[in-house]
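*Asks:* Submitted below is the structure of interest, expressed as structure tokens.
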Amino acid sequence: MNRIKIHRNITFKRLILDLYQEIRCQKLFVRWLGRPFRRSRRFIEIDLTYRCNLKCRNCNRSCTQAPSNVEIPTHAIESFIRKSLAMGIKWERIRLLGGEPTLHSCFFDVLERLLAYKCYHNADLRLVVCTNGCGRQVNRMLRRIPKTVVIKNTFKTTGRRLFRPFNLAPVDRRRYTLADLTAGCRILNDCGIGLTPLGYYPCAIAGSIDRVFGLNCPRHHLPTPDDEMLDQLTLFCRYCGHFGFAWPTRQARISPTWERVYRKFERRCLQFL
């Protein structure tokens, strides 16, 4: 098996799925057919750090728009493993992301603990590092990663790439007036729940939104299987540009709510200088 996977953010299939998602998440269809997406019990994404060596526009972790050096502590990974074992959860896939995950100050300590979990408790686990693959430092780290770990590489450069416009908040757009925010989006199914430096969320993107908005609404413990996390979906999906359809762009597109919250974030940061 080839351990290096090339990842493309924009494909025709994804655009079609985004369009279907926008239609399917309208309140009328949710009332008739039920919620189309549910938070995952099989997959989890761990945002190790919000450090990044690139300045991508439309970054859905706001690493460019609201830069931060915050990272997840190693003991949070240990706690996640302990609670997974205690609850009898066997993850099918764990992805490590950022920011750029290899820039975490204890990246290989984190990787070592997850590999031990895979070796002794969950042999079928698919452990994935998602990287931009850009720069000497990042590539030096990638070469040291054991072959049992899959590397999902976007092979980015400093040039502009097509992105889905993350900073177009549904709350600012009339077309989402009749949308059911608890329906979520396919990221719930495809990517899994999120563990971030703040805590647990129905997806890791919700954690990045909470970081910028300062709402401080994580789950502090690994959610139980019966927790649908609907309160977090209702709170965070209203700000997420991935809820629904938008044409990919290389330009920075931002709606009024995000403009205001980035200004507030900058002011909060300046208070600590």
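*Asks:* Scanning for something out of contact with any helix residue (DSSP H, G or I) (no Cβ under 9 Å at 6 or more places or on another chain) and either among the aromatic types (Phe, Trp, Tyr) or in contact (Cβ under 8 Å) with a residue 12 or more places away in the chain (or both), does the range 255-268 turn up at least one residue?
*Replies:* Yes.
*Asks:* Which one of 233, 198 is touching a residue at least 24 places away in the same chain (Cβ under 8 Å) and not basic (Lys, Arg)?
*Replies:* 233
*Asks:* Yes or no: the range 215-233 includes at least one residue that is modelled with pLDDT under 95, surrounded by fewer than 19 Cβ atoms within 10 Å (Cβ to Cβ) and under 15 Å from residue 46 (Cα atoms).
*Replies:* No: zero hits.
*Asks:* Also, quick follow-up: Mind telling me which of the residues 46, 23, 16, 77 ends up being open to solvent by less than 40 Å² (accessible area, probe 1.4 Å) and assigned to a helix (DSSP H, G or I)?
*Replies:* Exactly one residue qualifies, and that residue is 77.
Every residue, every condition in (1) loosely packed, with under 13 Cβ neighbours inside 10 Å; (2) not in a helix (DSSP H, G or I), yes or no:
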residue: 133; (1), (2): no, yes
residue: 148; (1), (2): yes, yes
residue: 189; (1), (2): no, no
residue: 198; (1), (2): no, yes
residue: 209; (1), (2): no, no
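*Asks:* Can you name every residue in the range 166-187 that is of a type in the set (S, T, N, Q) and either part of a loop (DSSP other than H, G, I, E, B) or within 15 Å of residue 72 (Cα to Cα) (or both)?
*Replies:* 167, 177
*Asks:* Can I ask one more? When you look at residue 124, is it farther than 20 Å from residue 193 by Cα and either in contact (Cβ under 8 Å) with a residue 12 or more places away in the chain or open to solvent by less than 50 Å² (accessible area, probe 1.4 Å) (or both), yes or no?
*Replies:* So residue 124 does not fit the description; no.
*Asks:* Can you tell me how many residues within the range 234-255 are modelled with pLDDT of 95 or more and farther than 15 Å from residue 209 by Cα?
*Replies:* 0
*Asks:* I'd like the residue in the range 240-258 that is closer than 14 Å to residue 57 by Cβ and open to solvent by less than 90 Å² (accessible area, probe 1.4 Å) and, out of all such residues, is nearest to the chain's Cα centre (by Cα).
*Replies:* My answer is 241.
*Asks:* Kindly establish whether residue 169 is open to solvent by 10 Å² or more (accessible area, probe 1.4 Å) and among the hydrophobic types (A, V, I, L, M, F, W, C).
*Replies:* Taking the combined requirement at face value, the residue does not satisfy it.
*Asks:* Return yes when residue 57 is assigned to a loop (DSSP other than H, G, I, E, B), basic (Lys, Arg), touching a residue at least 60 places away in the same chain (Cβ under 8 Å) and open to solvent by less than 40 Å² (accessible area, probe 1.4 Å) and no when it is not.
*Replies:* Answer is no for this residue.
*Asks:* Among the residues of the range 172-187, which ones are open to solvent by less than 20 Å² (accessible area, probe 1.4 Å) and either of a type in the set (Gly, Ala, Ser) or within 9 Å of the chain's Cα centre (by Cα) (or both)?
*Replies:* Answer for the range 172-187, where residues must be open to solvent by less than 20 Å² (accessible area, probe 1.4 Å) and either of a type in the set (Gly, Ala, Ser) or within 9 Å of the chain's Cα centre (by Cα) (or both): 179, 183, 184.
*Asks:* Which residue out of 111, 96 is free of Cβ contacts under 8 Å to residues at least 60 places away in the same chain, buried (at least 21 other Cβ atoms within 10 Å of the Cβ) and assigned to a helix (DSSP H, G or I)?
*Replies:* Answer to the check: 111.
The values are calculated or read from the model by the stated rules, or taken from the named source; none is laboratory data. Remember, predicted model here, so these are calculated numbers, not experimental data. Note that we place each Cβ from the backbone using ideal geometry, even for glycine, and neighbour counts take in every protein chain shown. For the accessible areas, the whole protein counts, side chains as well, though only heavy atoms, and no ligand, DNA or RNA atoms are used. Shrake-Rupley method; radii C 1.70, N 1.55, O 1.52, S 1.80 Å.
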